[in-house]
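So the structure is just underneath, and the comments pick up after that.
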Amino acid sequence: QALAVVHQSDISTWIRCPHAFMLQRAGQPQRQSSATAYGSVMHHALETFERLRHTEGVKFADAIQAAVETFIHYWHPMNIEAICPQVDLWLPRQTYNDLRARGAEAIRAYAHLMRYDDHELLATEYSFVVPIAGTWDEDTGSPHVLAGTIDRLAVRHYSGLPTVAVDDFKTGKEYKYLRQNLQFTAYCYATTRREFWVGADGEEGFGPDRGPALYERFQACARRGTWINMRTVKFQDAGWRGPDDYARFALAVEQQQASQRADIFPLSMSGEHCQFCEFKDICAGVGVPDNSHGAPR
């Protein structure tokens, strides 16, 4: 059965593999990979840095130190479950000590990268709920709803013009074809809706006074995204987004919902994520075959 609320994480999982989406939604047990756990703890540490630096006015060096200490604390096996499940699937060339050292260094590099980036930070870990124009849920008699959380929301200037900048942290491998990435389109689309700024369905937005003012301020502004690669600690431009992108996103949501209603969840065709998928042991009922499977004996 399709759902009226489409979560940003649903889109990400569906893009990776519809079959994995089905297994996750069915509540099948999934393994926690070292890469996923590392990303969760890193996100928490980066949010700590931004909050201390921009909201609480903590000195730059002190905010960095606190963020590093936060990462090291929650990366420890005794504390990690406060953020995410324990790691039970270690990826090749990843160890506890290696990722601990890599994480601390990445946080320091990130802080210095952002220190010299000319932008106005609006929010971090900003949650939203907005209707998806161009979609329709027959059960509710209203458009589908998009729910999610943006890592960083800021204002940057391009050619002297203010632009709503949506930043997203990535701790995994480098992303390709970002201009066509639908998850990023979803973020940018959300910022065009009034509900994003003033709040809706349990989300407070920016409040009854600031929310409407921000919506009016940015209503006519362009949208552009940046994926912050936390492996190389560099910006990766995700490009502009506009009405045609949002129409394409709405069609993708409609198709996803139709697939769910028809109970059709195809396997990933590329196989890009299969080897380290959380459901590799139960995929298609037989699991993902070992590399040696099928070799002559």
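Name the residues in segment 180-223 that are in contact with a Phe, Trp or Tyr (Cβ under 9 Å, 6 or more places away or on another chain), open to solvent by 50 Å² or more (accessible area, probe 1.4 Å) and either at pLDDT below 95 or closer than 30 Å to ARG93 by Cα (or both), would you? Within segment 180-223, just GLU203 meets the criteria.
When you look at GLY207, is it on the phi > 0 side of the Ramachandran plot and in a loop (DSSP other than H, G, I, E, B), yes or no? Answer is yes for this residue. Residue count for segment 99-109 satisfying the condition of being surrounded by 14 or more Cβ atoms within 10 Å (Cβ to Cβ), of a type in the set (D, E, K, R) and either under 21 Å from the mean Cα position of the chain (by Cα) or within 14 Å of MET230 (Cβ to Cβ) (or both): 2.
The residues of segment 135-162 that are closer than 19 Å to THR226 by Cβ, open to solvent by 10 Å² or more (accessible area, probe 1.4 Å) and among the aliphatic types (A, V, I, L, M) amount to a single one, LEU161. A search for C-beta distances below 7 Å between a residue of segment 80-102 that is closer than 11 Å to SER40 by Cα and any residue that is open to solvent by less than 60 Å² (accessible area, probe 1.4 Å) and hydrophobic (A, V, I, L, M, F, W, C), counting only pairs 6+ apart in sequence or on different chains, returns ILE80/ALA37; ILE80/VAL41; ILE83/VAL41; CYS84/ALA37. Remark: pairs (first residue in segment 199-221, over 16 Å from THR124 (Cα atoms); second residue open to solvent by less than 60 Å² (accessible area, probe 1.4 Å); Cβ separation under 6 Å; 6+ apart in sequence or on different chains) = ALA200/VAL129; ASP201/VAL129; PRO212/VAL198; TYR215/TRP197; PHE218/VAL164; CYS221/PRO162; CYS221/THR163; CYS221/VAL164. Among the conditions (1) crowded, with 22+ Cβ neighbours inside 10 Å; (2) of a type in the set (Gly, Ala, Ser); (3) over 30 Å from PHE71 (Cα atoms), the only one that ALA165 does not satisfy is (3).
Listed here are the residues, each with its yes/no results for (1) crowded, with 16+ Cβ neighbours inside 10 Å; (2) in a helix (DSSP H, G or I); (3) without any contact (Cβ under 8 Å) to a residue 12 or more places away in the chain.
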| position | (1), (2), (3) |
| --- | --- |
| PHE249 | yes, yes, no |
| GLN260 | yes, yes, no |
| SER268 | yes, no, no |
| ALA284 | no, yes, no |
| ASP290 | no, no, yes |
| ARG297 | no, no, yes |
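Condition test on ASP237, is it open to solvent by 80 Å² or more (accessible area, probe 1.4 Å) and assigned to a strand (DSSP E or B)? For ASP237, the condition - open to solvent by 80 Å² or more (accessible area, probe 1.4 Å) and assigned to a strand (DSSP E or B) - is met. Counted as qualifying within segment 1-98 are the helices (runs of 4 or more DSSP H) with 3 or more residues that are at pLDDT 95 or above and surrounded by fewer than 16 Cβ atoms within 10 Å (Cβ to Cβ), namely 60-75.
The values are calculated or read from the model by the stated rules, or taken from the named source; none is laboratory data. Please read these numbers as outputs of a predicted model, since none were measured by experiment. So basically every Cβ, Gly included, is an ideal-geometry build from the backbone, and we count neighbours across all protein chains shown. Surface accessibility is based on the protein's heavy atoms, side chains included, excluding ligands, DNA and RNA. Shrake-Rupley method; radii C 1.70, N 1.55, O 1.52, S 1.80 Å.
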